[in-house]
Amino acid sequence: IYSNRIGVFNTMGINANSPLAGGEEFLIVLNAYDVAGNSHEITNSFKVDNAKPYVNIPVVNNHIRGNFAIPLIVQDANIVGARVVWIDGNMNENQIGQVNNISTDYTGTILWDTTEMTNGSWTVKLIAYDLAGNTNVYTKQFVVDNTAPVIENIVTGDVANKLILSADLTDNEELEYY
């Protein structure tokens with residue numbers, strides 16, 4: 001109990017070495033009394049959130065080109081927002097896009113214009129945060145390939161009524177033949 005010229009105050013604290021369990025509901029009741037006997041009571045409840053948001057970039061094929069819609073999944077009871085960045089050669093984060101004012105789980109996309117990127121491997125991060133300040137990061141490698149394959153030296157022929165075709169195919173990535 002502490003006192004001064006204005007009145008007497010009851011104080012209560014929480015031991016910082018004993019964190020409150022996450023997910024539990026707590027009730028705080030504050031009572032104030034003055035020397036004349038006047039009182040005031042305030043009751044407030046709160047819930048502890050120690051859980052990081054769930055984040056995912058559910059992409060099967062990480063070879064991309066042009067304007068690519070990055071799929072995002074962000075889940076948390078108290079989610080606020082998320083942002084997506086790419087990492088440059090100096091380890092700087094460069095923003096691709098963000099989603100703000102999320103009140104529930106989020107499933108959607110953010111568009112990434114890769115046409116100004118050099119071909120090659122790029123790291124993309126999805127960073128989500130909730131009301132309690134919990135954050136989580138999901139990292140995904142993408143291979144940007146904005147260069148079309150080259151077809152050269154096409155040769156055709158006819159041998160015993162069968163068409164013969166040959167060509168040289170090159171690309172900066174692995175080729176698929178159809």
All conditions in (1) surrounded by fewer than 11 Cβ atoms within 10 Å (Cβ to Cβ); (2) within 19 Å of the chain's Cα centre (by Cα); (3) β-branched (Val, Ile, Thr) are true of Ile73 except (1)
Considering residues that are surrounded by fewer than 18 Cβ atoms within 10 Å (Cβ to Cβ) and either under 15 Å from Ile57 (Cβ atoms) or of a type in the set (Ser, Thr, Tyr) (or both), the number found within segment 84-96 is 1
Mind checking which residues of segment 113-161 are open to solvent by less than 50 Å² (accessible area, probe 1.4 Å) and of a type in the set (A, V, I, L, M)? Met117, Val124, Leu126, Ile127, Ala128, Val143, Val144
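The values are calculated or read from the model by the stated rules, or taken from the named source; none is laboratory data. Just so it is clear, the model here is predicted, and its values are computed rather than measured. In this analysis, Cβ positions are derived from the backbone assuming ideal geometry, glycine residues included, and neighbour counts consider all displayed protein chains. Remember, those area values only see protein heavy atoms, side chains included, never the ligands or the DNA or RNA. Shrake-Rupley method; radii C 1.70, N 1.55, O 1.52, S 1.80 Å.
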